[in-house]
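Below you'll find the structure, written out as structure tokens, and then a few comments.
Where a number appears in this text, it was derived from the coordinates with a stated rule and is not lab data. All values reported here derive from a predicted model rather than from experimental measurement. Cβ placement follows ideal geometry from the backbone for every residue including glycine, while neighbour counts extend to all protein chains displayed.
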Amino acid sequence: MYKSKIFFSLILLVLVSFIVGGSFFVKDNSYLTEKYIVKNLNYYKYNFLFDVSEKGFAGAFSLMNENTEAKMEDTQTDSIPVLVYHGVLENADEENISITDFKNQMFALKKAGWQTVTMRDFNAFIQGNATLPDKSFVLTFDDGRKDSYYPVDPILKTLDYNAVIFVITKYITEENPGNYYLSLEELKQMQKSGRWEIQPHTYDGHTFYAIDGNGGAGHFYSNRLWLFEENRLETNEEFLARISLDFAMAKNAIEEKLHEPAVGFAFPFGDFGENSKNIEDAETQVLQIARNFFPISFYQTWPGKGFPTNYPEDEFLLKRIDVEADWDSMKLLSVLESGQDKELPYNSSVYRQDDWLFTWGDGIIENDTLTLQSHAQTTGSSGFLNGSYLWDNYTFLADIDWISGLSVSLLARYKDEINHVSCVFTETGVRIEERIQNQIRVIEKRDIDLATIGHNRKRGVRVSDSMVQCLVNEKVVAVAYTVSDVLSHGGIGFKIWDSVEGSSNIQITNVSVLPL
Amino acid sequence: MNGYSESLNKYRSFVQERLSKMFYEGSLFLLGFILLVLIVLVKSKTATEFFTDPLLFFYTIFVTTFQLSRVVAAIFYKSSLAGVDAGSTEINYEPYVTFVIPCKNEEAAIEKTVRKSFEADYPKEKIEVIVINDGSTDNTLKVLRSLKSEFENLIIVNWRKNRGKRHAMAHGFVLSKGEIIVQLDSDSYIDPKTFRNLISPFSNPEIGAVCAHADPENADKNWLTKMQAAYYFMSFRILKAAESTFLSVFCCSGCSSAYRKSVVMPTLKEWLKEKFLGLPVTWGDDRSLTNRVLRANYKTIYTDKVQAYTICPEGIKIFLKQQTRWKKGWFVNSFFASKFILKKDPFVALTYFFPLIFVTLATPFMATRALIYNPIVNKVSPFYYIFGVLLVAGIMTIYYRYLDRENKYWVYVFAWSAINMVILSFILFYAIFTIQNRKWATR
């Protein structure tokens, strides 16, 4: 009896220890999970699917291993696009793409010769310390969610791609990541695979915070927050101290917990101070502080910010293309290809979607016409040619059907909406403007009687070092110098204007750019 | 030469048999270990919520450990039974035995029950059978009368009006001459060859009651009876055996158990008049009687060496009524036993009795939470809960298969677990709510 009681108790004790100890061991082990197993099984699925899509169904089963060594691009790239995703779900929603679309996108990119580069290589490229092959891009995911890793990783493994994940570091230092965010163990597992780099997104700045006492809310990094206890807004010094601390904690978490250098910081919501509601020069201040902690940082770009890819001259704040949930593989490929640097001479009478990016009003691309028109809320419209950023000395000519509007401008040395030169054609003359950091300077103005030259539709602009010429029907009608050094190179674009909303419209049938 | 090859063949088949057994038991052990690892995997799901919901984690570990502890305790059953035999103080123990069989309208079954009782492998002059005909309206009495001519030691007590099972039993106990009273249901009987094993444990003076192993005779009737067959085997050979390991079986089942008369008699009156919330208790007579034996500081055991057969309900309605009655009996007697068990046997009280009460009462709530509340409110799939329940059933089944390779009903353990999860555990609450309904309601 006593023996039985003792043995019974001992066995029970061992059993409980086994179950409790085991379940805690399993809980903290990122490999003994259903998700991990499914992920690894999916790798074989994708591997097979990719083989089938490349070599056909029979080819996928062929034992002969054809030499499909990636054709190394000899040419080097001048710019690198960075893509940003969030989660990858079974079915897409507003922010997150579906797994099918994502898979198709990545397969399409791989087949078109695109290859991922690491954050370190990208940084070296930006700093001018490294060159990278053509068709390089960076794949990034924001927030450090489980559904950025498990569905994606087998696809990366299949395609020999790698990715960067920007994590909210409080979930790896103190707060329970729950079932939504990746745990430290999982991040280590990702790191170990060699396919993932873990970079900081924020420590705790990923939600909206009160910026006044009346329920107003704003972003963490771009606003002075409301201190409820003291019933006041924090001071600028407190604001700077707060964001410094957050940057430091995010950086430290990555470096201490994951032993990975914090190279790039992705601003939550892509807001680096631009959307500030209560600080005047938030952008300058925020970027200045952030520079103390990270070599580079990222935000999600839009056409108004100019060319969507990154060049070695962009030093600190870099652009990411937010891949929208409804983009299919063709769309993504088109976006990336349009962003590749275009060669001179350039001649286009057939327009490709995504080659032109529109920053204002409406832009419509049909096969042989590019239409710019203002809409009900704008007095004009503008757009620029993607991939033309590096052009320096050239003649830009366009056949324009000027349907309505007071002025038509040809833009050159275009860097973005606030840095470019332009020839502004009106009914009565032409003027040359230089726009630097949004400061417009008219450097030449000529009255022309269009009738004497002939009412031809061909207009142009020629830029050569510091000289700007405006052309009508290939004849120079105005010349000016003193183009600032800032605009030593840049692409081409159009802009139209009228004093009344919705009443300007041009149709462009042929664009040609000749090197000088 | 011939003798040599013969013995070689014998030796070969012996080795083969041993190897096959080893392989079989080895596979079961391996399978059990795999299930245990799977249980750990399921529990780790709860462990992830340990910091937000530690109580849930403790609960699930507690319940699982409790359920597994039954198997662990059952493993020691055989050695415990050997201990009982070793405590015997009399050699050639052959006391006078009285069968007490209450019956009502059992014309079809009673003859077999009586006949098998007299056929018992035991000195005929030391057997008497008392049948209490409790107001039968069929030919039961006629059948009994015809048997009387054959068996001298058959005593028939005929009541015109039905007075209830408990009264009938008590009356039989009072009339009995035997030192040991074997209580049988009218549709149950004990395999005569094994009968002696029911009496022999009483040679140990500490033993107050012995419960036989019962299986349903009508097991192959339909899925319900097959499921009950699996449940009977599990509840006798594992759960009762586990209780028996520590010599405290809380229910020597009414279908076939033996009592030491000297232990029962002093408590008979009180047992007969048992009341709960002011009304007489009409069910759970067996459990109630066993508890009184325990309270009198005697040991109660289960023996797998006696094979009894009984009839189990073949229709769902009667089955559920029987379950309800058993749950009521369990509920009422849990109150009764809780008053003395801690003092009598703290080990059993703390490792089994009180945990069982907690688990039984909590299960319906946790099942509701996992199967209904969580899926609807929190959108949490009940998969892990169900999987966990089936895993524990799996461990039970493996031990079941180990104990009796020939028993073919083992698959139904899973059916039982599933039904227990969604229906039977809830019946407890129905039973508690209708506790004031004292009707017997199976006959």
Note to self: Contact order normalised by length for chain B, with contacts defined as Cα pairs under 8 Å and 6 or more residues apart; what percent is it?
What the structure shows: 18 percent
Item checked: For residue A:138, residues with placed amide H under 5 Å, excluding near neighbours -> A:82, A:83, A:117
Next item on the list: Using only Cα atoms, find the angle between the long axis of helix A:329-339 and the longest principal axis of chain A, and express it within 0 to 90 degrees, rounded to the nearest 10.
Entry: 50 degrees
Item checked: Signed unit charges on C-beta, dipole axis of the protein assembly as shown, positive-most listed residue A:8, B:418, A:80 -> A:8
Margin query: At a threshold of 8 angstrom on Cα-Cα distance, excluding pairs fewer than six apart, so keeping six or more, what relative contact order does the stretch B:275-378 reach in percent?
Written below: 31 percent
Check: What are the aspartates and glutamates whose alpha-carbon lies under 20 Å from the alpha-carbon of residue B:45, with same-chain residues fewer than 8 places away excluded?
Finding: A:28, A:34, A:147, A:175, A:185, A:186, B:53
Margin query: With viscosity set to 0.692 mPa s at 37 °C, what whole-number translational diffusion coefficient in µm²/s follows for the protein assembly as shown from Stokes-Einstein and a Kirkwood radius over Cα pairs?
Written below: 91 µm²/s
Checklist line | For the stretch B:187-236, alpha-carbon Rg and Dmax in angstrom | finding: 13.8, 43
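Please average, across the residues of A:178-184, the number of beta carbons from any other chain that are within 10 Å of each residue's own beta carbon, and give a whole number. Could you put the intermediate results ahead of the total?
Details: counts 3, 2, 0, 0, 0, 1, 0.
Partner-chain Cβ atoms within 10 Å, mean over residues of A:178-184: 1.
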Check: Over the stretch B:336-431, one equal point on each Cα, no solvent: what is log10 I(q)/I(0) by the Debye formula at q = 0.10, 0.19, 0.23, 0.24 Å⁻¹?
Finding: -0.39, -1.02, -1.12, -1.14
Checklist line | Length-normalised contact order for chain A - Cα pairs under 8 Å, 6+ apart - percent | finding: 12 percent
Check: Hey, how many Å between the Cα centroid of the stretch B:260-278 and the Cα centroid of the stretch B:57-94?
Finding: 27 Å
Notebook entry, point to check: Which three semi-axes in whole Å describe the equivalent ellipsoid of the stretch A:203-334, each the square root of 5 times a Cα gyration tensor eigenvalue, listed largest first?
Noted result: 28, 19, 14
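Sort largest first and round to whole Å: the equivalent ellipsoid semi-axes of chain A, each the square root of five times a Cα gyration tensor eigenvalue.
Working from the Cα gyration tensor, I get semi-axes of 51, 30, 19 Å.
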Notebook entry, point to check: Rg and Dmax of the stretch B:71-110, using alpha carbons, in Å: what are they?
Noted result: 17.8, 43
Item checked: Above-threshold pairs, the threshold being 18 Å between Cα atoms, out of B:299/B:344; B:273/B:344; B:116/B:221; B:165/B:299; A:170/A:319 -> B:273/B:344; B:116/B:221; B:165/B:299; A:170/A:319
Margin query: Suppose every Lys and Arg Cβ carries +1 and every Asp and Glu Cβ carries -1, with no other charges. What dipole size does the stretch A:252-374 come out with about its Cα centre, to the nearest 20 debye?
Written below: 160 debye
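Within 10 Å of each Cβ in B:55-67, how many Cβ atoms from other chains are there, averaged over the peptide?
The shielding value for this peptide is 2.
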Notebook entry, point to check: Roughly how compact is the stretch B:386-429, stated as its Cα Rg over 2.2 N^0.38 Å to two decimals?
Noted result: 1.24
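Going by a ≥ b ≥ c, the root eigenvalues of the Cα gyration tensor, does chain B fall in the rounded group (a/c under 1.5), the prolate group (a/b larger than b/c) or the oblate group?
The shape class here is oblate.
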Item checked: 5 Å-binned pair-distance histogram of the stretch B:1-127 (Cα, whole percent) -> 2, 7, 7, 8, 8, 8, 8, 11, 13, 11, 8, 5, 2, 1, 0, 0
Margin query: What's the ranking of B:181-190, B:71-80, B:422-431 by average number of surrounding C-beta atoms within 10 Å, highest first?
Written below: B:181-190, B:71-80, B:422-431
Note to self: From the P(r) of the stretch A:70-338, could you give the percentage of C-alpha pairs in the tail past 31 Å?
What the structure shows: 25 percent
Check: Taking neighbour counts of Cβ atoms within 10 Å as a proxy for exposure, in what order, fewest first, do A:110, A:305 appear?
Finding: A:305, A:110
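For a footprinting-style exposure proxy, rank A:391, B:223, A:327 by other Cβ within 10 Å, fewest first.
B:223, A:327, A:391
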Check: So what J values fall out for the stretch B:51-59 if you push phi through Karplus, 6.51 cos²θ - 1.76 cosθ + 1.60 with θ = phi - 60°, rounded to Hz, Gly and Pro as x?
Finding: 6, 8, 9, x, 4, 4, 4, 4, 4
Checklist line | Distance between the stretch A:219-256 and the stretch A:79-108 - C-alpha centres, whole angstrom | finding: 32 Å
Check: Among the Cys residues of chain B, which have no other cysteine Cβ under 4.7 angstrom away?
Finding: B:103, B:251, B:255, B:312
Check: So what are the ³J(HN,Hα) numbers for the stretch A:164-180, from phi and the Karplus equation (6.51, -1.76, 1.60; θ = phi - 60°), rounded to whole Hz, Gly and Pro as x?
Finding: 10, 10, 9, 10, 7, 6, 5, 6, 10, 9, 10, 7, 5, x, x, 9, 9
Margin query: For the stretch A:349-398 and the stretch B:1-46, what is the centre-to-centre distance using only Cα atoms, to the nearest Å?
Written below: 79 Å
Check: What is the average number of partner chain Cβ atoms found within 10 Å of a Cβ in B:76-85?
Finding: 2
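How do B:135-145, A:351-361 rank on mean C-beta neighbours within 10 Å, highest first?
A:351-361, B:135-145
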Check: By DSSP, what percent of the beta bridges with both residues in the stretch A:121-236 are antiparallel, rounded to the nearest 5?
Finding: 40 percent
Checklist line | Long-range amide H partners of residue A:359 with built H, under 5 Å | finding: A:382, A:383, A:384
Check: Sorted by mean Cβ packing within 10 Å, highest first, what order do the peptides B:39-48, B:155-164, B:109-118 take?
Finding: B:39-48, B:109-118, B:155-164
Check: Long-range amide H contacts for residue A:97: which residues qualify at under 5 Å (H placed 1.01 Å from N, peptide plane, sequence gap of 5 or more or a different chain)?
Finding: A:86, A:87, A:89
Margin query: Restricting everything to alpha-carbon atoms, can you work out Rg to Rh for the stretch A:346-515 with a Kirkwood hydrodynamic radius?
Written below: 0.93
Next item on the list: Give a residue-ordered list of calculated ³J(HN,Hα) values for the stretch B:377-387 (Karplus: 6.51 cos²θ - 1.76 cosθ + 1.60, θ = phi - 60°; whole Hz; x for Gly, Pro).
Entry: 7, 9, 6, 9, 5, x, 3, 5, 5, 5, 4
Note to self: Limiting things to C-alpha atoms, what are the Rg and the maximum Cα-Cα separation (Dmax) for the stretch B:91-313, in angstroms?
What the structure shows: 16.5, 47
